[in-house]
Amino acid sequence: MTPVELLTRLFPSGHEVVAGPFNTLAGRAILTDGAAVEIVGVTDGAPLSPEIAIELAGSIIRIVQDGKKTPIVLLIDTASQRMTRRDEMLGLNEYLAHLAKVVTLAGLSGHRTVAVLYGAAAAGAFIATALAAQTLITIDGAHPSVMDLPSIARVTKLPLEILEKKAETTPIFAPGVTPLAATGAVLENWTEADNFSDRIETVLTLEASSDTRDTLGEERGGRKVAHSVALRVAAEFGKAAR
Amino acid sequence: MIPEEIVRSPSWYESSARNRITGLLDAETFREILGPAERVMSPHLELFDLPPAFDDGVIVGRGQLDGKPVAIIAQEGQFMGGTFAEVSGAKIVGLLRAVTASAGTPDGVSAVLLLLDTGGVRLQEANAGELAVSETVRALLGVRAAGIPVVALVGGRAGAFGGGGIVTACCSHVVISEQGRISVTGPEVIETNKGAEEFDSRDRALVWRITGGRSRVLLGGADSYVKGDVASFRAAAARSRNAAPPFTLETMAAEQDRLEKRLSSYGDCRDTPEIWARAGLADPASVPDIDDDAFLALLSEREIKHDAR
């Protein structure tokens, strides 16, 4: 799905979203009740570079500075972080962290933040973009991943066929929407038949002040222990003070 | 002349995560939460015929530093590369959430000390590990938003790579030694994907010039540079918790400005000595070779401190 098609389906009442530098998007859209939504995005599967991260973060900072608490929808089609010596030398970790921090700050400052993943996102770029929003929606055909299976096979020194077989028994490591949704990363996956406009308006009304992805992963059976371990640590924290 | 207690202090790089905690906190004050006796282990490693660890490679708890309560998290880089996974990550996230919830109560702490020693996400549990990093980022920023500084300490064998590099830069203050390395994609992975001409991972001097402690602190990617002994890390942790920037819109706007300027000033450089020459260092080629005292003297002349993190 192209960004233009996606925007038309999400916001049939209209939008003024324009392309920015380095495969980015920014602008406003209108909901069916006339309320405004801020749109920030990355397109064309562009690997996340320091330039893209700082461009997106700058747009979000200006939205927060505006003070209107307008909801922010992030439209994401990236790749992994860009893999070059130059980017690492310049501190790509700081650029990715800055973007994740700014998206998180928007949420803490009263902006509803929703990421719509309509293409790819992987590894550190996935953390800094789609996973940094309060809620993640995927569109059919989206491809979120940590690392592709051939690369996991190389690092874990396991044959690819064995890994593929193991992936049938657990959602814990395989790429794709279904396993990531099972672990709690994705709230909803929308298909061609869904009314995206209705769906986004509903999602924007959901309360999202706390991070409940581990609860979701427990309910869906993809991450059975994370939530309970976190709760046990929290329960012991006060006792350890005495 | 190096003070005697530093000569006798063990090396951070060589120490285990548990020994780092012991050396960092006031004597006999550490209280571990979900320690090895509880046997909270990874339920996934068995699928890969890998042995689990009783603490899943992460130690969390609380103690005191110079008489003030702190929460502490330490990754053990010698177990599965100190990786973020379902259990190891949930221990970190649970502790950070508890710190936020206890802010302003009698159980509250003065700071969180995060001892990073990690290759990033554990690929055998890639999805759980990726989410653990994202949940750690959100919980850590919640701690900072509650007014409690989070101090990253980087100097272990595994460095702070992958999601660990992102988590490091989310902290209020980053302490690093010469041996410390911070990066997202590791040199081996870049070499595998882009070839040795892009990044020769066997060229150790190059790897350290790109990712190492001296390069990071000169560029502003770390805030305090310390000698590689445990006592120096302890002193820096105690100092920095009092001078950490708050997590606010003003701080993020200042970071935006800082990182934009870095790109426009050094975006066309290929190696760190080019950056140092442009920044006005008298003898850029010598930076990796001088001893720690000379490097600390060089830093103190340069005023590279910022509050934009």
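The values are calculated or read from the model by the stated rules, or taken from the named source; none is laboratory data. The structure presented is a predicted model; accordingly, all values stated were derived computationally and were not measured. Cβ sites come from the backbone with ideal geometry, for glycine too, and all protein chains shown count toward neighbours.
Some observations on this one:
- For A:P21: the one exception among (1) touching a helix residue (DSSP H, G or I) at 6+ places or on another chain (Cβ under 7 Å); (2) surrounded by 15 or more Cβ atoms within 10 Å (Cβ to Cβ): (2)
- Members of region B:189-217 that are of a type in the set (K, R) and either within 22 Å of B:P284 (Cα to Cα) or away from chain A (no Cβ under 11 Å) (or both): B:R202, B:R204, B:R209, B:R214, B:R216
- Residue count for region A:139-150, restricted to those that are modelled with pLDDT of 95 or more and on the phi < 0 side of the Ramachandran plot: 7
- Criterion: more than 16 Å from A:G119 (Cα to Cα), assigned to a strand (DSSP E or B) and not basic (K, R) - qualifying residue of A:A29, A:A46: A:A29
- Test set (1) at the interface with chain A (Cβ under 9 Å from one of its Cβ atoms); (2) modelled with pLDDT under 95 - B:G164 fails condition number: (2)
- Condition met for B:V137 (in a loop (DSSP other than H, G, I, E, B), within 7 Å of chain A (Cβ to nearest Cβ) and within 19 Å of B:E255 (Cα to Cα)): no
- Hits in region A:154-166 - residues which are surrounded by 12 or more Cβ atoms within 10 Å (Cβ to Cβ) and part of a loop (DSSP other than H, G, I, E, B): A:L158
- Which listed residue, of A:L136, A:L96, A:L74, is closer than 21 Å to B:L141 by Cβ, assigned to a helix (DSSP H, G or I), out of contact with any Lys or Arg (no Cβ under 8 Å at 6 or more places or on another chain) and at pLDDT 95 or above: A:L96
- When A:R199, A:R213, A:R242, A:R220 are screened for being under 20 Å from the mean Cα position of the chain (by Cα) and surrounded by fewer than 16 Cβ atoms within 10 Å (Cβ to Cβ), only A:R220 passes.
- Yes/no for B:P245 being in contact with a Ser or Thr (Cβ under 9 Å, 6 or more places away or on another chain) and farther than 30 Å from B:I148 by Cα: no
- Region B:196-213, residues that are farther than 10 Å from B:T272 by Cα and surrounded by 23 or more Cβ atoms within 10 Å (Cβ to Cβ): B:F199, B:G212, B:G213
- Criterion: at pLDDT below 95 and either of a type outside the set (D, E, K, R) or within 24 Å of A:E218 (Cβ to Cβ) (or both) - qualifying residue of B:P51, B:P3: B:P3
- Condition check for A:V40: surrounded by 15 or more Cβ atoms within 10 Å (Cβ to Cβ), closer than 18 Å to A:D66 by Cβ and under 17 Å from the mean Cα position of the chain (by Cα): yes
- Scanning region A:167-189 for residues that are outside any loop (DSSP other than H, G, I, E, B), touching a helix residue (DSSP H, G or I) at 6+ places or on another chain (Cβ under 9 Å) and surrounded by 19 or more Cβ atoms within 10 Å (Cβ to Cβ) yields a count of 4.
- The test for being closer than 28 Å to B:A74 by Cα, free of Cβ contacts under 8 Å to residues at least 24 places away in the same chain and among the hydroxyl-bearing types (S, T, Y) does not hold for B:T192.
- Residues (touching a residue at least 60 places away in the same chain (Cβ under 8 Å), touching a Gly at 6+ places or on another chain (Cβ under 9 Å) and surrounded by 15 or more Cβ atoms within 10 Å (Cβ to Cβ)) located in region A:137-153: A:I139
- Elements of the type helices (runs of 4 or more DSSP H) sitting completely within region B:185-261 and holding at least 1 residues that are touching a strand residue (DSSP E or B) at 6+ places or on another chain (Cβ under 6 Å), aromatic (F, W, Y) and modelled with pLDDT of 95 or more: these cover B:230-240.
- Screening region B:1-120 for helices (runs of 4 or more DSSP H) wholly inside it with 3 or more residues that are charged (D, E, K, R) returns the ranges B:4-8, B:86-102.
- Members of region A:77-93 found to be in a loop (DSSP other than H, G, I, E, B) and of a type in the set (K, R), listed by number: A:R82
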